[in-house]
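Undergrad: My structure is below; once you've seen it, I'll send some questions.
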Amino acid sequence: MNHALEIKNLSKSFYKKQASKGFFRSNLVEHCAVDNVSIVVPERKIVGLVGESGSGKSTVGLMSMRLLEPSGGNIILNGTDITKLSPEELKPHRAQMQIIFQDSYSSLNPMMTLWEIVAEPFVIHKMHDAKQRRVKAKELLDIVGLGSVFANRYPHELSGGQRQRVSIARALALKPKVLIADEPTSALDVSVKAQVINLLHDLQSEMGLSILFISHELSVVRSLADQIVVMHRGRIVEQAQTEQIFQNAQHPYTQSLLDSIPVLNPHLRRRRSFQSAEELTAKKPRLPKDSFINPENPNLAQVSDNHFVDAEPLEGRSL
Ligand code: ADP
Ligand code: MG
């Protein structure tokens, strides 16, 4: 199977100033936000990247798009290593990969009509004449379920779900192969959330997209993702096919994420094993005897086909 996007041993450190005793002196303290993360998004598949807030998910998404420079590692898009390409060299590759964010309101220019917003990538990439751009923008508004009647409206006239559809339409304008969706439904009401997830699911199969879907909620990615990668404090702690994660999670952190999914029907509610942070971090992942270490990523032990788990306990890991 070909890989649409492959990130290999990606790391990112931020340096924060920490005031020291001397008035003028300040120390730069390294903070490793992403630590040696490798993820493959196969062609026409959806990979869910989950973990609590601050675990490094957005940093991975931004680096994959080269919107943020990695401290180490490689980004391979459709077989081309784009890690070191200059902005000019990157341009054709950038069209193949698009990103959408949670906060669609701030990413839509309030002064532009919706068709102008959707057609903007054509202007940037000098594609089509003015008339064609308008026609194609209307088609895209149709594809995301808004209809061309929205073409002359402005972002402030839309609901949150409709605005997210506009962001998706614009992201699809250049027919990308890879879409990175960073918490695209986190700001939406439950019913609207489901509609946007269904839309992404339909678009994925109709357009053959490969999607890295970032979310802090495991429940959101369940219906969508083929595989799930779980991050904690900048590292991958577990990765497997979606149903493996839900039925056979090995890592205590994944298990705690599963336990935190709200279950509305009290008869179906699992007995919660509330674990303190100390209990959680002291636990060692349960590894079958025949698991072996993955040479590509020595932090991860292989539990079964396509199922990997961080073999180290969480304790002693600094944020
Ligand atoms: P997530 O998307 O999982 O919530 P992020 O990738 O946004 O996590 O952040 C991971 C960590 O990196 C956090 O501790 C955050 O404070 C830090 N971080 C993210 N961006 C920056 C930045 N530009 N400068 C300094 N620290 C950052
Ligand atoms: Mg984030």
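Undergrad: Within region 50-66, can you find the residues that are part of a loop (DSSP other than H, G, I, E, B) and either closer than 16 Å to Ser260 by Cβ or within 11 Å of ligand 1 (Cβ to nearest atom) (or both)?
TA: Gly51, Glu52, Ser53, Gly54, Ser55, Gly56
Undergrad: Give just the number: which of (1) open to solvent by 80 Å² or more (accessible area, probe 1.4 Å); (2) in contact (Cβ under 8 Å) with a residue 12 or more places away in the chain does Ser106 not satisfy?
TA: Of everything listed in (1) open to solvent by 80 Å² or more (accessible area, probe 1.4 Å); (2) in contact (Cβ under 8 Å) with a residue 12 or more places away in the chain, Ser106 misses just condition (2).
Undergrad: Regarding region 122-143, can at least one residue be identified that is modelled with pLDDT of 95 or more, in a helix (DSSP H, G or I) and in contact with a Lys or Arg (Cβ under 6 Å, 6 or more places away or on another chain)?
TA: Looking through region 122-143, at least one residue is modelled with pLDDT of 95 or more, in a helix (DSSP H, G or I) and in contact with a Lys or Arg (Cβ under 6 Å, 6 or more places away or on another chain).
Undergrad: Identify, please: which residue in region 247-265 is in a loop (DSSP other than H, G, I, E, B) and surrounded by 17 or more Cβ atoms within 10 Å (Cβ to Cβ) and is, among those, farthest from ligand 1 (Cβ to nearest atom)?
TA: Gln250
Undergrad: Under 8 Å between Cβ atoms, at least 6 apart or on separate chains: pull out the pairs that start in region 240-261 with a residue that is touching a residue at least 60 places away in the same chain (Cβ under 8 Å) and end on any residue that is open to solvent by 50 Å² or more (accessible area, probe 1.4 Å) and part of a helix (DSSP H, G or I).
TA: Ala240/Asn248; Thr242/Arg222
Matching residues to (1) within 11 Å of ligand 1 (Cβ to nearest atom); (2) of a type in the set (Ser, Thr, Tyr); (3) under 16 Å from the mean Cα position of the chain (by Cα):
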residue	(1), (2), (3)
Leu5	no, no, yes
His31	yes, no, no
Gly48	no, no, yes
Leu68	yes, no, yes
Asn78	no, no, no
Gln102	yes, no, yes
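Undergrad: Identify, please: which residue in region 51-67 is more than 18 Å from Asn299 (Cβ to Cβ) and not polar (S, T, N, Q) and is, among those, farthest from ligand 2 (Cβ to nearest atom)?
TA: Arg66
Undergrad: Residue check, Met111 against (1) surrounded by fewer than 18 Cβ atoms within 10 Å (Cβ to Cβ); (2) within 16 Å of ligand 1 (Cβ to nearest atom); (3) not hydroxyl-bearing (Ser, Thr, Tyr), all met but one. Which one?
TA: (2)
Undergrad: What residue, of Ile117, Ile82, is open to solvent by less than 10 Å² (accessible area, probe 1.4 Å), in contact with a His (Cβ under 8 Å, 6 or more places away or on another chain) and away from ligand 1 (no atom under 16 Å from the Cβ)?
TA: Step by step, each of Ile117, Ile82 is checked, and only Ile82 is open to solvent by less than 10 Å² (accessible area, probe 1.4 Å), in contact with a His (Cβ under 8 Å, 6 or more places away or on another chain) and away from ligand 1 (no atom under 16 Å from the Cβ).
The values are calculated or read from the model by the stated rules, or taken from the named source; none is laboratory data. If you're wondering where the values come from, they're calculated on a predicted model, not measured in any experiment. Virtual Cβ from ideal backbone geometry, glycine too; neighbours counted across all protein chains shown. What goes into the accessible areas is simple: the full protein's heavy atoms, side chains included, and nothing from ligands, DNA or RNA. Shrake-Rupley method; radii C 1.70, N 1.55, O 1.52, S 1.80 Å.
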